[in-house]
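The values are calculated or read from the model by the stated rules, or taken from the named source; none is laboratory data. In this text, all values refer to a predicted model and were calculated from it rather than measured experimentally.
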Amino acid sequence: MSYEWWRLTHGVLSTVVVVAALVHIYLVGYYVDTVWKQALWAGMTLTFVGLLLWTRIVVPSRCCADRGWSPTSWRRGAASPRCGCARTATRDSTSKRGSSPG
């Protein structure tokens, strides 16, 4: 499985699990039996949705649009060995414009 498919699958499954947990919390009603608990859980839910939109849509679109590159415009470079089993990985730009993300 490629990294892109793993990341997409992981993101979708984790979102489904969190949404299922939130639905369960609201349907059981034990943790949302008072107004302040309802407000707290609503705030946490909105925070989760906001962070999800920010990290998956807003940041990548701003980053790519400003620099003319996409997250897939990089290829894996050399991996040099370090102490023990650790390695330092590098990445090389495949962008025709030669721009970098930094």
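Below, the figures for the structure above:
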| read-out | value |
| --- | --- |
| Filter pass, GLY29 being at positive phi and at pLDDT below 75 | no |
| Filter result (among the charged types (D, E, K, R) and assigned to a helix (DSSP H, G or I)) within segment 15-52 | LYS37 |
| GLU4, sole failed condition from (1) at pLDDT 85 or above; (2) assigned to a helix (DSSP H, G or I) | (1) |
